[in-house]
Amino acid sequence: MANNIYLLKMGSDTQNGLNHRIRFISKNWTYKGEQVEVCIDFMLCTPWTLQKSKKGNSKTIRGVENSGLGLDFQYTDSKGSWGLSHIFKEVITADLDYFEAPFDRYLKYSYDNILKIINFLLKANYSNIVLVDSRFIKNFNYNNFFSDEYVHDQEAYQKAIDFKAIAEAKIKQIKSECKYDNSSYYYDGNVFKVLVHYNCYNDYLTFDLDNWDEAIKQINEYVIPEDKIRSAISQHGIRSSKLYL
């Protein structure tokens with residue numbers, strides 16, 4: 001079985017299953033001789049160049065293959081107050097000399113390099129990074145999530161991920177004329193919640209995933225609440241009669 005370290009997904013998915021920004025949190029850290037809690041954001045920092053265009057200079061993003069690894073380092077002292085220390089000299093350069101790291105501080109944003117840094121800083125031997133989405137962790141709370149102590153409930157997590165896909169497909173089917181569906185999906189306590197945005201009206205849906213068959217039945221039978229939407233449109237004095245925009 002893989003020796004996993006769990007990091008929070010904080011950005012948009014990119015190549016190799018990684019993110020543009022992922023977060024590591026630990027309370028087992030000594031900084032300036034003091035036991036502290038530490039938060040490190042590993043960021044995909046893409047340099048940009050200026051290119052001439054007919055309208056003047058414009059920023060052009062280079063390819064991901066040219067991107068570097070940025071670290072944003074925060075910690076709490078014994079009093080619980082947050083300090084902030086940028087440990088990179090350039091936006092795309094992690095200043096690993098700060099930690100007397102035995103490897104190059106000019107690193108690419110990659111799975112292997114992030115794992116290498118975590119193992120070095122923790123004097124650990126993790127073999128695998130698992131990214132978890134805070135929206136789908138049961139009873140998630142930033143105050144009790146520590147990457148190196150977190151006990152992952154894969155069954156509950158996967159159930160939430162699977163239900164999100166089912167609910168998202170259903171809402172997209174209902175709002176088929178929408179170019180973008182900005183509905184929200186997340187696990188709150190012991191229930192899965194969906195916030196469906198309509199014109200002037202938000203529909204709040206809750207599902208008990210411990211009763212999976214009933215939850216599936218509920219989402220499959222969901223219909224657009226036309227009367228409530230039209231009432232909201234009327235109350236707001238909106239001329240548009242569209243149920244969703």
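The values are calculated or read from the model by the stated rules, or taken from the named source; none is laboratory data. Worth saying up front: this structure is predicted, and the values here are computed from it rather than measured. Cβ placement follows ideal geometry from the backbone for every residue including glycine, while neighbour counts extend to all protein chains displayed. Ligands, DNA and RNA are stripped out before the accessible areas are found, and what is left, the full protein with its side chains, is counted by its heavy atoms. Shrake-Rupley method; radii C 1.70, N 1.55, O 1.52, S 1.80 Å.
From the list 171, 238, 224, 166, the lone residue that is within 25 Å of the chain's Cα centre (by Cα) and surrounded by fewer than 17 Cβ atoms within 10 Å (Cβ to Cβ) is 166. Test residue 85 against the stated conditions and say whether it is open to solvent by less than 50 Å² (accessible area, probe 1.4 Å), touching a Phe, Trp or Tyr at 6+ places or on another chain (Cβ under 9 Å) and at pLDDT below 65. When the stated conditions are applied, residue 85 passes them. The residues of segment 179-212 that are crowded, with 17+ Cβ neighbours inside 10 Å and either more than 23 Å from the chain's Cα centre (by Cα) or hydrophobic (A, V, I, L, M, F, W, C) (or both), listed by number, are 192, 194, 196, 198, 200, 201, 205, 207, 209. Within segment 132-154, residues that are part of a helix (DSSP H, G or I) reach partners that are of a type outside the set (Val, Ile, Thr) and surrounded by fewer than 12 Cβ atoms within 10 Å (Cβ to Cβ) with beta carbons closer than 8 Å, at six or more positions or on different chains, in the pairs 134/142. Mind checking whether some residue in segment 228-238 is outside any helix (DSSP H, G or I), without any contact (Cβ under 8 Å) to a residue 60 or more places away in the chain and of a type in the set (A, V, I, L, M)? Checked against the condition, which is being outside any helix (DSSP H, G or I), without any contact (Cβ under 8 Å) to a residue 60 or more places away in the chain and of a type in the set (A, V, I, L, M), segment 228-238 yields at least one hit. Please go through segment 133-153 and give me each residue that is under 16 Å from the mean Cα position of the chain (by Cα), among the hydrophobic types (A, V, I, L, M, F, W, C) and open to solvent by 60 Å² or more (accessible area, probe 1.4 Å), ordered by number. None - no residue of segment 133-153 is under 16 Å from the mean Cα position of the chain (by Cα), among the hydrophobic types (A, V, I, L, M, F, W, C) and open to solvent by 60 Å² or more (accessible area, probe 1.4 Å), so the list stays empty.
Of the numbered criteria (1) open to solvent by 50 Å² or more (accessible area, probe 1.4 Å); (2) of a type in the set (Gly, Ala, Ser); (3) touching a residue at least 24 places away in the same chain (Cβ under 8 Å), the one residue 215 fails is (1).
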